[in-house]
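S.K.: Pasting in a structure now, in structure tokens, and then I'll have a few things to ask.
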Amino acid sequence: MSGKVFLSGPDQREIKMSTKAVQKTITSIDHALTNGFSFLIVLGGTLMTLTVVVQVLLRYVFKQPLFGLEEFSRLVAIWIYFLGAVFSTKTDNHVQGDVANKYITGERARIVLRTIVWIICLVTCILFLYHSGTYSWWIYGTGERTTGLWWPRIISVSSMFFGAFFMTLYSLANVIKYTTTALNYKENR
């Protein structure tokens, strides 16, 4: 007896149906996250632009700067930065040096190279997740506040952990995607 279990008929169909339901749910969640991230990036960019314009007008035209506006602008900027990093990881649009593609001509070799690059990215993101989580937890424990408006610093520091979490998740998805593509690659002859 080999220990293998063979499914027949209805059992296979049930597994396929449940797999499709899980994939549909994950796709829906991913779509909602993408729309949410896009909306927050646009909203944040608009808010940051408005706060900078208002601050410049108040400071240099009216000679009456508004206390705390720079701090708010920095807070929005840091969140935009990490949301953008998440979005570019998801869409595989990070700035990349593709020098190797000039020297590697085989499509399968390029896919394997992309897989290796994404594995390195995943390891880097896991390290970033660990350290940003540790730092966020420490900041949360200290109760540290900002110097101007006395907001909890965890609001800005948690953007690192948030970004690292989703970058790790999307890096893992890219590793799976490229590994699957590399394993299933068939050359066209």
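The values are calculated or read from the model by the stated rules, or taken from the named source; none is laboratory data. If you're wondering where the values come from, they're calculated on a predicted model, not measured in any experiment. Virtual Cβ from ideal backbone geometry, glycine too; neighbours counted across all protein chains shown.
S.K.: So which pairs qualify, if the first residue must be in region 97-117 and without any contact (Cβ under 8 Å) to a residue 24 or more places away in the chain, the second must be charged (D, E, K, R) and surrounded by 14 or more Cβ atoms within 10 Å (Cβ to Cβ), the Cβ gap must be under 7 Å, and the two must be at least 6 apart or on different chains?
M.R.: Asn101/Arg110; Ile104/Arg110
S.K.: Can you go through Thr168, Thr115 and tell me which one is surrounded by 15 or more Cβ atoms within 10 Å (Cβ to Cβ), closer than 30 Å to Thr181 by Cβ, of a type in the set (S, T, N, Q) and touching a Cys at 6+ places or on another chain (Cβ under 7 Å)?
M.R.: Thr168
S.K.: Can you say whether Thr147 is within 27 Å of Ala77 (Cα to Cα) and polar (S, T, N, Q), as far as the supplied structure shows?
M.R.: For Thr147, the condition - within 27 Å of Ala77 (Cα to Cα) and polar (S, T, N, Q) - is met.
S.K.: Just wondering, is there one or more residues in region 3-15 that are surrounded by 10 or more Cβ atoms within 10 Å (Cβ to Cβ), at pLDDT below 70, of a type in the set (S, T, N, Q) and in a helix (DSSP H, G or I)?
M.R.: Yes, the conditions are met somewhere in region 3-15.
S.K.: Might you let me know whether region 175-187 holds any residue that is under 23 Å from Phe37 (Cβ atoms) and either touching a helix residue (DSSP H, G or I) at 6+ places or on another chain (Cβ under 7 Å) or not in a helix (DSSP H, G or I) (or both)?
M.R.: So far as region 175-187 goes, yes, one or more of its residues are under 23 Å from Phe37 (Cβ atoms) and either touching a helix residue (DSSP H, G or I) at 6+ places or on another chain (Cβ under 7 Å) or not in a helix (DSSP H, G or I) (or both).
S.K.: For region 171-189, how many residues are touching a Cys at 6+ places or on another chain (Cβ under 7 Å) and either at pLDDT below 95 or not small (Gly, Ala, Ser) (or both)?
M.R.: Total meeting the criteria: 0.
S.K.: Inside region 30-82, can you point out the residues that are under 15 Å from Phe166 (Cα atoms), surrounded by 17 or more Cβ atoms within 10 Å (Cβ to Cβ) and either among the small types (Gly, Ala, Ser) or touching a strand residue (DSSP E or B) at 6+ places or on another chain (Cβ under 6 Å) (or both)?
M.R.: none
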